[in-house]
Amino acid sequence: MSVQPIFLDMKTINNFAETVAEKLKFYAGGDLNFIVEKLGGNVHYLNIDDWFKNGDGKIKVKDKKFDIFVSNFFGPYRTRFTIAHELGHYFLHSLAGAKDIEKERLGSDRLETEANWFAAGFLMPKKIFLEHKKICDDVGYLAGIFNVSNSAVNYRIKNLERLKRE
């Protein structure tokens, strides 16, 4: 169950993530557990022993069903990004369940970067994000609107600035 990057650029992955969110009727700040269940998946929260073995998050896709495993020791905003990140692996690397995969969230290789790009685009769609940023560019305000961490907002800002330059 080797997982390979898809080597699409950030803009393409971002646009794809936003399209997926739109088709699933996911709105900014919405319930990710509901989305996972709607897709036929389950979210499991790791106890301390499993967390040490698996890291922050993990996805297992088998026979078109999937399970996402996340740490029970981080706050809800970080957990939301992790779930969206694992959905990135589901859509990008298992091709929405067409390929069986098992991927732990360890490291910062291309595979993880692609899943992070997906998560940022899925949780914070560009148009809505920029509209809110125009109203108030405070990171805490934006984090509250999208129910994500300040780090996730800063990551999104950095990526949107990079997209502007490309």
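Checked against the criteria, V61 does not count as open to solvent by 10 Å² or more (accessible area, probe 1.4 Å) and either closer than 20 Å to D109 by Cβ or out of contact with any strand residue (DSSP E or B) (no Cβ under 7 Å at 6 or more places or on another chain) (or both).
Kindly indicate whether any position in region 90-112 is under 22 Å from L39 (Cα atoms), among the polar types (S, T, N, Q) and in contact with a strand residue (DSSP E or B) (Cβ under 8 Å, 6 or more places away or on another chain). The answer is yes, given that some residue of region 90-112 is under 22 Å from L39 (Cα atoms), among the polar types (S, T, N, Q) and in contact with a strand residue (DSSP E or B) (Cβ under 8 Å, 6 or more places away or on another chain).
Can you spot a residue in region 6-22 that is without any contact (Cβ under 8 Å) to a residue 60 or more places away in the chain and open to solvent by less than 30 Å² (accessible area, probe 1.4 Å)? Among the residues of region 6-22, not one is without any contact (Cβ under 8 Å) to a residue 60 or more places away in the chain and open to solvent by less than 30 Å² (accessible area, probe 1.4 Å), which makes the answer no. Within region 62-79, identify whether any single residue is under 24 Å from N159 (Cβ atoms), under 11 Å from the mean Cα position of the chain (by Cα) and not in a loop (DSSP other than H, G, I, E, B), and answer yes or no. Yes - at least one qualifying residue is present in region 62-79. Among the residues of region 1-33, the one identified as among the hydrophobic types (A, V, I, L, M, F, W, C), part of a helix (DSSP H, G or I) and more than 13 Å from the chain's Cα centre (by Cα) is M10. Within the set K164, K134, K127, the sole residue that is modelled with pLDDT under 95, in a helix (DSSP H, G or I), open to solvent by 80 Å² or more (accessible area, probe 1.4 Å) and among the charged types (D, E, K, R) turns out to be K164.
Would you say G121 is within 12 Å of the chain's Cα centre (by Cα), more than 15 Å from I59 (Cβ to Cβ) and not hydrophobic (A, V, I, L, M, F, W, C)? Considered against the rule, which asks whether it is within 12 Å of the chain's Cα centre (by Cα), more than 15 Å from I59 (Cβ to Cβ) and not hydrophobic (A, V, I, L, M, F, W, C), G121 comes out as yes. I'd like to know if region 69-89 contains one or more residues that are at pLDDT below 95, surrounded by 14 or more Cβ atoms within 10 Å (Cβ to Cβ), out of contact with any Gly (no Cβ under 9 Å at 6 or more places or on another chain) and farther than 22 Å from H132 by Cα. Yes: region 69-89 contains one or more residues that are at pLDDT below 95, surrounded by 14 or more Cβ atoms within 10 Å (Cβ to Cβ), out of contact with any Gly (no Cβ under 9 Å at 6 or more places or on another chain) and farther than 22 Å from H132 by Cα.
Being more than 17 Å from A17 (Cα to Cα) and of a type in the set (V, I, T) holds for only one residue in V148, V139, and it is V139. Within region 95-124, being at pLDDT 95 or above, open to solvent by less than 10 Å² (accessible area, probe 1.4 Å) and either assigned to a helix (DSSP H, G or I) or out of contact with any helix residue (DSSP H, G or I) (no Cβ under 8 Å at 6 or more places or on another chain) (or both) holds for E114, A115, F118, A119, A120, G121, F122, L123.
The values are calculated or read from the model by the stated rules, or taken from the named source; none is laboratory data. Computed from a predicted model, the values in this text were never measured in an experiment. Virtual Cβ from ideal backbone geometry, glycine too; neighbours counted across all protein chains shown. Heavy atoms of the whole protein, side chains included, go into the accessibility calculation; ligands, DNA and RNA do not. Shrake-Rupley method; radii C 1.70, N 1.55, O 1.52, S 1.80 Å.
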